[in-house]
Every structure is written in C-alpha cells, then in structure tokens.
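So the structure is just underneath, and the comments pick up after that.
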Amino acid sequence: MNDLADVIGWKFNHQEGMSTADGVIKDFPGTKPTDAEIVTYTAEYEAYKVMADIREKRDTALAATDWAALPDSPTMSSAMTTYRTALRDYPA
C-alpha cells in the first residue's frame with residue numbers, strides 16, 4: 001500500500017496549503033477528501049504507477065537501441081525497425 005501522503009500529493013499536486021504527516025492529511029485547502037474519494041484516488045494512483053513503470057522500461061529499451069537509428073550506423077534491419085515501432089506504440 002502506498003503512503004496516503006503520496007496518493008493525496010499526486011492527486012492534488014501538493015496544493016498550496018496542503019500538508020501531510022505520516023500519511024495523514026493535516027491541512028487541506030478547501031474540503032478534505034472523503035474516505036471514498038481517497039479509495040478512488042489510491043486506485044488511480046496505483047494504475048498511474050503501473051503505467052509509469054511500463055513507460056520507464058519501454059524508454060530504457062528504446063534508449064538501448066537508439067544507436068541503430070543514428071545516421072552513421074549501419075542500415076537498421078526490418079526486425080529492429082519493427083521492434084522499435086512496437087516499443088514506441090506500447091502501451092497504446
């Protein structure tokens with residue numbers, strides 16, 4: 001489980017006047033989120049983190065093959081082109 005401070009901070013981008021301590025909202029501008037909203041925000045945050053991890057791995061794999069796309073490198077094989085295209089399209 002993520003720290004509630006991370007979830008709330010992610011959802012509200014640490015709004016001015018918001019503070020958390022030990023995962024508990026201490027001060028929040030406006031109305032504090034309800035428990036139901038926090039459950040929703042937590043689920044959204046978990047999904048966001050999964051996709052962020054996927055994108056990071058994809059970007060690393062693309063970076064590892066960038067040399068093949070340089071103008072002075074040997075001609076890129078069709079397999080490499082297909083692989084890089086699939087990486088760029090993922091996770092569409």
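Taking every protein chain into account, the 1.4 Å probe leaves GLU56 with about 120 Å² of accessible area, to the nearest ten.
Measuring only protein heavy atoms, the 1.4 Å probe finds SER78 accessible over about 90 Å².
The values are calculated or read from the model by the stated rules, or taken from the named source; none is laboratory data. Remember, predicted model here, so these are calculated numbers, not experimental data. The area values use the complete protein model at the heavy-atom level, side chains included, leaving out ligands, DNA and RNA. Shrake-Rupley method; radii C 1.70, N 1.55, O 1.52, S 1.80 Å.
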